[in-house]
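In what follows, a single structure is set out as structure tokens and then discussed.
The values are calculated or read from the model by the stated rules, or taken from the named source; none is laboratory data. All of these numbers come straight from a predicted model, not from anything done at the bench. All Cβ positions, glycine included, derive from the backbone under ideal geometry; neighbour counts span all protein chains shown.
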Amino acid sequence: MYISHGSGGVGSNEWNIASFFLSAGYTVAIIDYFTRHGITRLLWDYRLDSNDNYSVSFNDMLNTSIPQYEKIVHIGCSLGGFFGLKMSTHFTKNYCFYPGIIAFTDAMLKKDYSNTTVFFATLDKWCDNYFAFHSQCSMPPTVVLADAYHGFMIPDKNVVIPVAKYNLPLTPVSMAEFNSLIPCHTFLSSTYGYTKSEILLQHSEQHCIMYLNRILEEIKKI
């Protein structure tokens, strides 16, 4: 099993998921696609003292080598959920929690996502552009609607944060545009514009337990 982290980097969310499946007897690895690029976390913040200002592109950041095994299960949350959609063909089963859709190409829309389940938080006011992607997919993922907020898989999380909510594209972009996207506030704001927003991140123990057990029961069958 591979677990990929969100924009906060590897933290309690990833370790909690890893511990759950380790105790069930699975071999688990956490994919860290930040450290090799000198990134600690992405803030998505419009305030001058908090701007993300990295030069690596999202494409290079997320192009992580996945060792080839007979069966691989992937779980990713938020940015890690987008990683799961981008890299879906590498996995036998792929679970994406409240994925943040940065942008997508025609090639991504034409993929077969029958191996993928998306857990969409209906109270999420941040990564709420998922269905613009889903509705254009030829073979879209299965969607499970969770009456919860963004970050509901993060233990003890209950905080309101300021974010720059970028006006990201809702239709496919060219491969050149996709490859050029970087997690830099100056780049994203000048390219797409943004609105200032405050986002609630809130843990839901009920949903976390329910969905981890659902995944466990599903992967026992593969």
What are the residues in the range 167-222 that are assigned to a loop (DSSP other than H, G, I, E, B), more than 25 Å from PHE104 (Cβ to Cβ) and either at pLDDT 95 or above or within 19 Å of the chain's Cα centre (by Cα) (or both), if any?
HIS203, SER204, LYS220
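Might you let me know whether the range 19-26 holds any residue that is more than 16 Å from HIS185 (Cα to Cα) and polar (S, T, N, Q)? Can you show your working first?
Residues of the range 19-26 that are more than 16 Å from HIS185 (Cα to Cα), as a first pass: 19-26.
Subset that is polar (S, T, N, Q): 19, 23.
Yes - at least one qualifying residue is present in the range 19-26.
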Condition test on ILE101, is it within 23 Å of THR142 (Cβ to Cβ), assigned to a loop (DSSP other than H, G, I, E, B), in contact with a Leu (Cβ under 9 Å, 6 or more places away or on another chain) and among the aliphatic types (A, V, I, L, M)?
yes
Only one of HIS74, HIS90 is buried (at least 23 other Cβ atoms within 10 Å of the Cβ) and closer than 29 Å to TYR26 by Cα, namely HIS74
Qualifying residue in the range 62-76 (condition: closer than 20 Å to LEU170 by Cβ, at pLDDT 95 or above and not in a loop (DSSP other than H, G, I, E, B))
no
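Suppose we filter LYS220, LYS111, LYS125 for residues that are touching a residue at least 60 places away in the same chain (Cβ under 8 Å) and of a type in the set (Lys, Arg); which single one remains? Steps first, answer last, please.
On the way: LYS220 fails: touching a residue at least 60 places away in the same chain (Cβ under 8 Å); LYS111 fails: touching a residue at least 60 places away in the same chain (Cβ under 8 Å).
Unique residue meeting the criteria: LYS125.
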Taking the range 114-164 on its own, how many of its residues are charged (D, E, K, R) and crowded, with 17+ Cβ neighbours inside 10 Å?
3
